[in-house]
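Reviewing the structure listed below.
The values are calculated or read from the model by the stated rules, or taken from the named source; none is laboratory data. All values derive from a computational prediction rather than experimental measurement. Cβ placement follows ideal geometry from the backbone for every residue including glycine, while neighbour counts extend to all protein chains displayed. Please note that ligands, DNA and RNA were not included when accessible areas were found on the heavy atoms of the full protein model with its side chains. Shrake-Rupley method; radii C 1.70, N 1.55, O 1.52, S 1.80 Å.
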Amino acid sequence: MKRTAPLSVAMAASLAVGVLYTAGTASARETVTARHAGRDLYGTKTPYAPPESANHYQRPPRGFSPVFTENVARHGSRAMSDGKDGEAVLALLRKGEAQDALTGLGEDLGPQVRSLLDAASGLGFGNLSARGAQEHRQTALRMEQRLPSLFEKIAAEHEPVVVETSGVARAVASAGAFTGGLTEGDPALAGLIKPPVTDRNLLYFHKQPQNADYQAYLASDPDLAAVLATIDADPRTAEAAQHVVARLFQDDFATALPTADQISFARSLYQLFASAPDLSVEAPDVDLTRFLAPRDARWFAYLDDAEEFYQKGPAFGGRTITYKMAGVLLDDLLAQATAKADGSSDKGAVLRFTHAEEIEPLAALMGLPGSTEPAEPAGSGEPYSYRNNPWRGAEVAPMAANIQWDLFANTPADGRPATYLVRMLYNERETAFGPSCTPVSRGSHFYDLDELKRCLAHG
């Protein structure tokens, strides 16, 4: 079988490590690790980066070999959803220019924003970027290289590779890039990869009628509205916005601008800043890091993370509204592995492509790293912050985030039934299942499938 060497994936130079936002009271929990520092500036728009130690995985127990794999992956890096933030930034720059109120830095910003908007418009707002396609192609190649005997078996026994998507264009394109990576690594798989099918109940569940209670939570829950208003009203929001505006506009213009307008402008600029690395191929000359000081970018990233945390993540202690709906996806992971183990399925792999709105709830439901701690219940204690909670959008659901289950089986010589074990990778890192799940041995990342069916049961 012909296999290509893995391609190198690295964060763009624009993901520079910056200093922390230091306004207010600091604590040890506010100090980010080296791994977090640069990525924290971009939140869930962070481009995907595989683990540096991708070749160091535990060996399965003696006698076990892979027989099936399945994943759930977010679409890759993409263009922003629309041009509203760019147009808002350009409108204030035009107003400043008309009054001869731009600083030298402010004069440089407009061409950069226009170039970014042109790239996004040319690609199609919301569509998968070349970087996003590369993220998935390379993830697929690494999957093959981790499981060479499995893909040899799939090819030899003509086992189907099933592909499911939300039906949204960027998810469908991500599926195409991923399966293209598989066939690049092994052309024999081409005829075994089935055309993608759309399953919105499974992979776009947050928008479906059965989750109307969740949609009502987003639209009108008083606890959600109150906590996000409290976070937004933190004085550091106005301070960061004032600092952003003061660097781009002359003093008289900047001080005359209402605080609300300063905040709106700064948050729009941050959205462009966070989106630019995802378009690094289409807009290679765009670099917005000059226009947002790292401390300001990190504060606005925190505001975005707070919204994600309360709308899609662990949210409030004692409530499950943001993640119980992911049970349909967890159940499907278990069902597909079980069907392979009991012989009712001949699939070699099941590949699913979805969105942050599905990955974040699934991570919370499963208690994956970074998603184990909800915030204090509404009305008690402090709201979510980088100081008191490890949840970070850049780690929980970056672009092309993925959860992978590999199924291993043994073949007892005495004719006894085979035993099936599961290993989970989260963003390609071996990851333990929750504390209620017991691995086959202390420190192992392998779990008996029957044990997972027991410990992952949910109401």
Count of residues meeting criterion [more than 19 Å from CYS455 (Cα to Cα), part of a loop (DSSP other than H, G, I, E, B) and of a type in the set (A, V, I, L, M)] in region 362-377: 0
Test: residue in region 441-452 that is in contact with a Gly (Cβ under 9 Å, 6 or more places away or on another chain) and either assigned to a strand (DSSP E or B) or surrounded by fewer than 17 Cβ atoms within 10 Å (Cβ to Cβ) (or both): no
Condition met for ALA79 (over 19 Å from the mean Cα position of the chain (by Cα), within 16 Å of PRO284 (Cβ to Cβ) and either among the polar types (S, T, N, Q) or at pLDDT 95 or above (or both)): no
2 or more residues over 23 Å from ASN402 (Cβ atoms): qualifying helices (runs of 4 or more DSSP H) within region 77-180: 84-98, 104-123
Selection within region 400-453 - basic (Lys, Arg) and under 17 Å from the mean Cα position of the chain (by Cα): ARG429
Selected residue (only one of ALA335, ALA349, ALA341 is crowded, with 23+ Cβ neighbours inside 10 Å, more than 15 Å from the chain's Cα centre (by Cα) and over 15 Å from ALA397 (Cα atoms)): ALA349
Output for region 364-388, where each listed residue is touching a residue at least 60 places away in the same chain (Cβ under 8 Å) and either of a type in the set (A, V, I, L, M) or surrounded by 23 or more Cβ atoms within 10 Å (Cβ to Cβ) (or both): LEU365, MET366, LEU368, ALA375, ALA378, TYR384, TYR386
Residues (within 30 Å of VAL168 (Cα to Cα) and surrounded by fewer than 16 Cβ atoms within 10 Å (Cβ to Cβ)) located in region 97-125: ARG114, ASP118, SER121, GLY122, GLY124, PHE125
Checklist (1) open to solvent by 60 Å² or more (accessible area, probe 1.4 Å); (2) out of contact with any Asp or Glu (no Cβ under 9 Å at 6 or more places or on another chain); (3) within 19 Å of LYS340 (Cβ to Cβ) applied to SER436, failing item: (3)
Answer from LEU128, LEU150 - the residue that is crowded, with 19+ Cβ neighbours inside 10 Å and farther than 30 Å from PHE64 by Cα: LEU128
Residue pairs meeting the criteria (Cβ under 6 Å; at least 6 apart or on separate chains; first within 16 Å of GLU164 (Cα to Cα), in region 337-351; second assigned to a loop (DSSP other than H, G, I, E, B) and charged (D, E, K, R)): GLY348/GLU159
Subset of region 335-389 (residues that are closer than 14 Å to GLN404 by Cα and in contact with an Asp or Glu (Cβ under 8 Å, 6 or more places away or on another chain)): GLN336, ALA337, GLY348, ALA349, VAL350, LEU351, ARG352, PHE353
Some residue of region 51-61 being of a type in the set (A, V, I, L, M) and at pLDDT 95 or above: no
Failed condition for THR438, given (1) under 15 Å from PRO60 (Cα atoms); (2) at pLDDT 95 or above; (3) assigned to a loop (DSSP other than H, G, I, E, B): (1)
The listed residue being of a type in the set (Gly, Ala, Ser) and farther than 30 Å from LYS153 by Cα, out of ALA341, ALA349, ALA335, ALA315: ALA315
Hey, ALA73 in a loop (DSSP other than H, G, I, E, B) and either open to solvent by less than 10 Å² (accessible area, probe 1.4 Å) or at pLDDT below 95 (or both) or not: no
Any hit, region 184-199, residues being farther than 23 Å from GLN336 by Cα, open to solvent by less than 20 Å² (accessible area, probe 1.4 Å) and charged (D, E, K, R): yes
SER149 vs. criteria hydroxyl-bearing (Ser, Thr, Tyr), in contact (Cβ under 8 Å) with a residue 24 or more places away in the chain and within 22 Å of PRO60 (Cα to Cα): yes
Matching residues in region 245-272 - criterion: being in contact with a Lys or Arg (Cβ under 9 Å, 6 or more places away or on another chain) and under 24 Å from TYR386 (Cβ atoms): SER268, GLN271
